[in-house]
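Heads up, the thing below is written out as structure tokens.
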Amino acid sequence: MENREGSRTTLIIPCSGIDKVHGLIGREATYMVTDDLASEKTATLCLALLVKGDADAVASVQSHTCITVDGCAKACAQKNVELAGGRVAKAIQVAEAFRDFRGAKPGTATALTDEGWTITREIAKNIVCETALLHEQEGAAL
Ligand code: SF4
């Protein structure tokens, strides 16, 4: 767990995706949210811990609302959170965000271009909006 974890913290969980620019964008967008844009409301968690069945990671996804950020339609983060018994309130796919940036040159698996950072910021803003919506809904349900 990379952040303060309160009962109303939303977990933002990116896929590993280390060989694709989509994976890098998903991770950077997640850090933008958990480190800066919504640091008081969100935290992140290492997907590999879930995949290997780490008890603390499994308990975290079962007790918090989760937003997954996957590089592509294989949806590794979403599937593994669900396999661990977690509730994915919103599943975001980086590849879908590219539809609004046709022809963009986002960079490589290890370095983003200016266009890549623009896409990353858009995804981060989307995650912040989804988090705010979830907190509103959870607040209304209390
Ligand atoms: S969702 Fe796609 S990019 Fe992410 S780890 Fe799975 S295969 Fe790789």
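The values are calculated or read from the model by the stated rules, or taken from the named source; none is laboratory data. All values derive from a computational prediction rather than experimental measurement. Note that we place each Cβ from the backbone using ideal geometry, even for glycine, and neighbour counts take in every protein chain shown.
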> Quick one: in region 77-90, which of the residues that are within 13 Å of the ligand (Cβ to nearest atom) and in contact (Cβ under 8 Å) with a residue 24 or more places away in the chain is nearest to the chain's Cα centre (by Cα)?
Replying inline: A77
> Out of curiosity, is D56 among the charged types (D, E, K, R), modelled with pLDDT under 95 and farther than 16 Å from I123 by Cα?
Replying inline: no
> Does region 94-107 contain at least one residue that is among the acidic types (D, E), modelled with pLDDT of 95 or more, loosely packed, with under 15 Cβ neighbours inside 10 Å and away from the ligand (no atom under 16 Å from the Cβ)?
Replying inline: no
> Which one of the conditions (1) surrounded by fewer than 18 Cβ atoms within 10 Å (Cβ to Cβ); (2) more than 15 Å from the ligand (Cβ to nearest atom) does L11 fail to meet, given that it meets all the rest?
Replying inline: (1)
> Looking at region 15-50, which of the residues that are in contact with a Ser or Thr (Cβ under 8 Å, 6 or more places away or on another chain) and within 11 Å of the ligand (Cβ to nearest atom) is farthest from E82 (Cα to Cα)?
Replying inline: V21
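Yes or no: region 109-120 includes at least one residue that is within 12 Å of the ligand (Cβ to nearest atom) and over 26 Å from Q137 (Cα atoms).
Yes, region 109-120 contains a residue that is within 12 Å of the ligand (Cβ to nearest atom) and over 26 Å from Q137 (Cα atoms).
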>> Just checking, does region 62-76 include any residue being over 23 Å from E136 (Cα atoms), without any contact (Cβ under 8 Å) to a residue 60 or more places away in the chain and more than 12 Å from the ligand (Cβ to nearest atom)?
In response: no
